[in-house]
1. Is it the case that some residue within the range 4-13 is among the aliphatic types (A, V, I, L, M) and over 16 Å from Leu324 (Cα atoms)?
2. Given the range 280-351, what helices (runs of 4 or more DSSP H) lie entirely inside it while holding 3 or more residues that are of a type outside the set (Gly, Ala, Ser) and more than 15 Å from Leu43 (Cα to Cα)?
3. Considering only residues that are outside any helix (DSSP H, G or I), in contact (Cβ under 8 Å) with a residue 24 or more places away in the chain and over 30 Å from Arg180 (Cα atoms), which ones fall in the range 33-51?
4. Name the single residue that is surrounded by the fewest Cβ atoms within 10 Å (Cβ to Cβ) among those in the range 322-351 being within 15 Å of Tyr142 (Cα to Cα) and of a type in the set (Ser, Thr, Tyr).
5. How about the range 239-252: which of its residues are of a type outside the set (S, T, N, Q) and either within 14 Å of Cys292 (Cα to Cα) or in a loop (DSSP other than H, G, I, E, B) (or both)?
6. Which residue is nearest to Cys292 (Cα to Cα), if the candidates are limited to the range 18-34 and must be of a type outside the set (Val, Ile, Thr) and out of contact with any Asp or Glu (no Cβ under 9 Å at 6 or more places or on another chain)?
7. So for the range 52-64 (the condition being in contact with a Cys (Cβ under 7 Å, 6 or more places away or on another chain) and touching a residue at least 24 places away in the same chain (Cβ under 8 Å)), does at least one residue qualify?
8. Could you count how many residues in the range 1-26 are assigned to a loop (DSSP other than H, G, I, E, B) and either among the aromatic types (Phe, Trp, Tyr) or modelled with pLDDT under 95 (or both)?
Amino acid sequence: MSVAKFCRGVLLGGLLGDCFGAPFEAKPRVQLDVPIRMIKNTLSGLESSQLTFTDDTDMAMGILNSISRLNRFVPSDVIKEFTTAYFTDGDGRFYGRSVQALFQQWKDSGYDDPYRLAASQFGGSGSYANGGAMRISPASLYMLNQPDSDFVTFVIDVTRLTHTHPLAIYGALFQAMAVRQLWSVLTTEGQIDRTSFADLLVSKLGHIKHSEIDFNSSSCQEVFEKYKSKFECVNSLLQLDRDPPATEVVERLGNDLQALNSVPTAIYIFLRSLKPIPSIPFDSVLLRCLACAISLGGDTDTIGTMACSLAGGYAILSDEPDPLPATMVSRCEQRERIEEYARWLTCTLSQ
């Protein structure tokens, strides 16, 4: 299977989820017919105005820009990319207050000691939000060919630049490992078993190590058990013989900016979208996923980014006739730059 296609699918899928999800950010509930109509009108050409991306894509590009320029991960350079992007063009991209404070502190300190400031936030506990997970899918592709241990270390180190709470760390790990596992399963088995997919994620992340974090500590084990419980809910929802309403999904999985209440939700939406959804009239996995993500309300841009990055990677390797509709992609801000990063990742992974 083509790694070029997979990189393009993950990056453009995430961009679609971000750009189309952003207009609905923070709405408590979105009627399903609203995103369905938006998608239909885009496909037909009735709606073609540009949709802007948020901090999800902005920070993902910052990571890729730094690594592609230096040919390696340099923490101090990545935080400088983050900071420069924010102060250059960050207004209106939904950056949170805690990370805005980090940008100013990094700038004032000359980007010295990149991990210290995030670790000191919130009384030393660090942020438990989904800001690490929202940007990790594109970066995780960079380490696709590396051993699991190196992959895990990279994901943790990229995440703890801004988010050091175990809830945030595990959230980014589950999202990144979902991308890695998707590629592995599609290239070896060809089909996704929806229930075993979630179970395998939990199994892989049950015994991880990092030089700066004691994952055997009671606090980390407690967090892992919380995620394990969430993925048990994911499986129970997938096994229902009915289509659960958005209210039930939100009640059981969540839809807010906490990593625990959004990463399992995004992975559920992706897995749910692998099969037809009676209330969503699209044959496309990606479009079903997008409509479903928006309909939950809440943190729609980030849940859309995470879910659709997986759906895009899956769809582009499937036999769908039009996995990434051009009329959808054409509405997304800086799509050409995203395509460039996909080509760079392909070259890097092909070496």
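1. Looking for residues that are among the aliphatic types (A, V, I, L, M) and over 16 Å from Leu324 (Cα atoms), one finds none in the range 4-13, hence no.
2. Passing ranges, in order: 285-295, 300-316, 335-350.
3. Gly45, Glu47, Ser48, Ser49, Gln50, listed by residue number.
4. Filtering the range 322-351 for residues that are within 15 Å of Tyr142 (Cα to Cα) and of a type in the set (Ser, Thr, Tyr), the one surrounded by the fewest Cβ atoms within 10 Å (Cβ to Cβ) comes out as Ser350.
5. Residues satisfying the conditions are Leu240, Asp241, Arg242, Asp243, Pro244, Pro245, Ala246, Glu248, Val249, Val250.
6. Out of the qualifying residues, it is Leu32.
7. Checking the range 52-64: at least one residue is in contact with a Cys (Cβ under 7 Å, 6 or more places away or on another chain) and touching a residue at least 24 places away in the same chain (Cβ under 8 Å).
8. The total comes to 3.
The values are calculated or read from the model by the stated rules, or taken from the named source; none is laboratory data. Quick caveat: nothing in here was measured; it's all calculated off a predicted structure. Note that each Cβ is placed from the backbone with ideal geometry, even for glycine, and that neighbours are counted across all protein chains shown.
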